[in-house]
Amino acid sequence: MKKVFLSILSILLVDQILKIYVKTHFELGSGVSIFPFFWMFFVENPGMAYGIYLAPGYLGKIILSVFRIILVFFLSVFIYKKIKKESSNYFIIPTTFILSGAIGNLLDSALYGLLFDTGTIYDKESHKWISYAGISKINFHLSNGYAAFMEGCVVDMFYFPIIDTYIPTWIPFIGGYHFHFFQPVFNLSDFVIFLGVVLLFIFKNKIKHAKIF
C-alpha cells in the first residue's frame, strides 16, 4: 500500500509542477521546440485526454467532471481491495497509473479555475469556449479565480509533430493535402493513463493466470 501511495504521489507531484510551470510561464497557444519532433506547447483542454469530449459545450464539461470523480472513487476502492488480497503487480501497477492520471486531471478541473486568475471559460450565450491573452498568475484569493469549482480546464503541454508535411499534388487521391501526425497535445496524466491501459493489455494473460478477480 505504501509503494502505491508513493507512486501516485510522485506522479501527481511531477504532473502538477509541469502544469503550473507551463500555465504561469507560457501564453495560451505558445510553445518552444525541444526537438524538431517534440514541443512544449501550451493548450487548455475542457474535455478528456487528447481533446476528446463526452458531450459538447458546458454540459460535456459537467458530465466529464462527475465522471472523473466517480472514476477516482471506485478505482481507489478497487485498488485498495486488490492490494489487501495481494493481487498481482501486473494488475496493481497499471491500475495505479490509471488512477494517478485520473486524479491529476481531476485536480486541474476541480481547482485550476480557483487557483489561477485567467483561463479558458465557456460563454453560455455564444456556446463557445473563450480563450484569453497573456500569462496566468496564481490567484491567492480563491474567490477571484477565472472559474468556479470543478469548472477549470486541464493544462496540456506535450506535442509531438512527428510528421508535418505537404503531400505533393501529383500523388493520386491524397495529393494536395497537409498531413500532420501526431497532432493532439497531452499532459503527463494523459500519458500515464494511456500507459496503464497498454500495460493491462500487454499483461492480460499474466493477470488472468494470477486470478486477481
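The values are calculated or read from the model by the stated rules, or taken from the named source; none is laboratory data. Predicted, not measured: the structure shown is a model, and the values here were computed from it. Because the Cβ atoms are built from the backbone with ideal geometry, glycine has one as well, and the counts that use them run over all protein chains shown.
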Close pairs (6 angstrom Cβ cut-off, 6 or more residues apart or separate chains): touching a residue at least 40 places away in the same chain (Cβ under 8 Å) in the range 133-147, surrounded by 11 or more Cβ atoms within 10 Å (Cβ to Cβ) and of a type in the set (A, V, I, L, M, F, W, C) anywhere: Ser136/Phe116
Members of the range 150-170 found to be closer than 21 Å to Ile62 by Cα and at pLDDT 90 or above, listed by number: Gly152, Cys153, Val154, Val155, Asp156
Of all residues making up the range 36-51, the number that are under 22 Å from Thr118 (Cβ atoms) and modelled with pLDDT under 80: 2
Of residues in the range 104-136 being of a type in the set (A, V, I, L, M) and within 20 Å of Ala148 (Cβ to Cβ), the one surrounded by the fewest Cβ atoms within 10 Å (Cβ to Cβ): Ile130
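Mind checking which strands (runs of 3 or more DSSP E) fall wholly inside the range 108-159 and carry at least 2 residues that are of a type in the set (Val, Ile, Thr)?
154-159
Okay, residues lined up against (1) part of a helix (DSSP H, G or I); (2) at pLDDT below 95; (3) among the hydroxyl-bearing types (Ser, Thr, Tyr):
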residue	(1), (2), (3)
Val4	yes, yes, no
Leu9	yes, no, no
Leu28	no, no, no
Tyr53	no, yes, yes
Tyr58	yes, yes, yes
Lys61	yes, yes, no
Leu75	yes, yes, no
Lys82	yes, yes, no
